[in-house]
Amino acid sequence: MKISHVDFSGWQANKVTIFTGAGMSAESGIPTFRDRMTGLWARTDPMEIATPWAFRAHPQRVWDWHVHLGGAVLTASPNAGHRAVADLEQRGVHVTVITQNIDNLHQRAGSTKVIELHGNLLRLKSFVDEEAAFAAERPPMICPVCNGYAAWEEHDPYANRDDLLAIQLLAGPVPHCPGCGALLRPDVVWFGEPLAPEALDAAWDAVEQCDLLIAVGASLEVEPAASLPWRALQKGARVIEVNPAPTALAEHCHASFAGSAAEVLPTLLASLWATT
Ligand code: NAD
């Protein structure tokens, strides 16, 4: 991928935001959802299984699907794109990563300022069944172990947070919170769920403050994350897109590279910081 046709002189960037979607980790062997899951789950539509409604109806099926994705995450390693982003931070550049990924690969590559918009697959939390909560005769309590809005009257006073943290995303029956007995689920944002307000606020701050935003491997089809690169553009930051299938952003941003994350990012970042 040749990027030499873009003249980066004058692109002084004090604060850089790297905004990443599932394509960032594709070359680490973690399939994107829109580009289709591979193997056993190839015919399963994530839009139908990665939802609270699916978990309420078929918790074991949804758990098994996440265990399968977790297998890909656990065997994956950061690729050259993740490493290039982490290296930039290590060279003293102020870099914030906003990721829609749930795979921990930016952190494993060495990035320290990572905002996880969609949570983390390998962390568990209780499933808050709002339908059951509304239908209950008594208001539910907050379980002190899982902090879930999930405990009715069955709280185990001897259970503690460490008991919950010891439970992992592994094949087998869906685990329960050791405190209140609620079903556990991965701490990710499923389709139809809101983003954590603190993560979204931190992401908006990073976008508002950056001079340069690089959007990598994101289809920009899901709000509110999709608005973040557009906001950076609107407020005057330079914006670059890296995606083998350029999105609508490509026509409006300052530079677009129709290539993969691992192929483009090392050269792109080296070129940018060779001239600034
Ligand atoms: P998405 O909407 O971000 O779409 C994937 C994008 O990646 C597409 O635009 C595609 O053209 C691009 N792409 C594919 N290969 C690429 C490469 N090698 N380099 C750069 N770009 C590439 O993501 P999605 O797959 O629809 O997933 C939706 C959500 O599901 C994500 O936002 C995330 O929360 C979750 N998810 C996470 C992971 C992960 O953690 N690795 C993987 C799949 C899905």
Residues of the stretch 39-75 being among the hydrophobic types (A, V, I, L, M, F, W, C), farther than 30 Å from residue 264 by Cα and open to solvent by less than 60 Å² (accessible area, probe 1.4 Å), in sequence order, are 49, 50, 54, 55, 62, 63, 65, 67
Quiz item: Is at least one residue of the stretch 76-90 closer than 30 Å to residue 131 by Cβ, touching a helix residue (DSSP H, G or I) at 6+ places or on another chain (Cβ under 6 Å) and open to solvent by less than 20 Å² (accessible area, probe 1.4 Å)?
Solution: no
Taking first residues from the stretch 99-113 that are over 21 Å from residue 228 (Cα atoms) and modelled with pLDDT of 95 or more and second residues anywhere that are more than 8 Å from the ligand (Cβ to nearest atom) and basic (Lys, Arg), the pairs with Cβ under 6 Å that are 6 or more apart or on different chains are 109/83
Among residues of the stretch 120-152 being within 12 Å of the ligand (Cβ to nearest atom) and open to solvent by 10 Å² or more (accessible area, probe 1.4 Å), the residue modelled with the lowest pLDDT is 122
The residue that is modelled with the highest pLDDT, considering only those in the stretch 44-91 that are charged (D, E, K, R) and within 16 Å of the ligand (Cβ to nearest atom), is 83
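Scan the stretch 196-228 for residues that are aliphatic (A, V, I, L, M) and at positive phi and jot them down.
Residue satisfying the conditions is 220 alone.
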In the stretch 204-262, residues that are open to solvent by 10 Å² or more (accessible area, probe 1.4 Å), part of a helix (DSSP H, G or I) and within 16 Å of the ligand (Cβ to nearest atom) total 6
When every residue in the stretch 92-113 that is open to solvent by less than 30 Å² (accessible area, probe 1.4 Å) and among the hydrophobic types (A, V, I, L, M, F, W, C) is compared, the one farthest from the ligand (Cβ to nearest atom) is 93
For the stretch 153-198 the number of residues that are of a type in the set (A, V, I, L, M), in contact (Cβ under 8 Å) with a residue 60 or more places away in the chain and either farther than 14 Å from residue 125 by Cβ or surrounded by fewer than 18 Cβ atoms within 10 Å (Cβ to Cβ) (or both) is 5
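The values are calculated or read from the model by the stated rules, or taken from the named source; none is laboratory data. Keep in mind that this is a model prediction, so the values were computed, not measured. FYI the Cβ positions are ideal-geometry reconstructions off the backbone, even for glycines, and counts take in every protein chain you see. Only protein heavy atoms, including side chains, enter the accessible area calculation; ligands, DNA and RNA are left aside. Shrake-Rupley method; radii C 1.70, N 1.55, O 1.52, S 1.80 Å.
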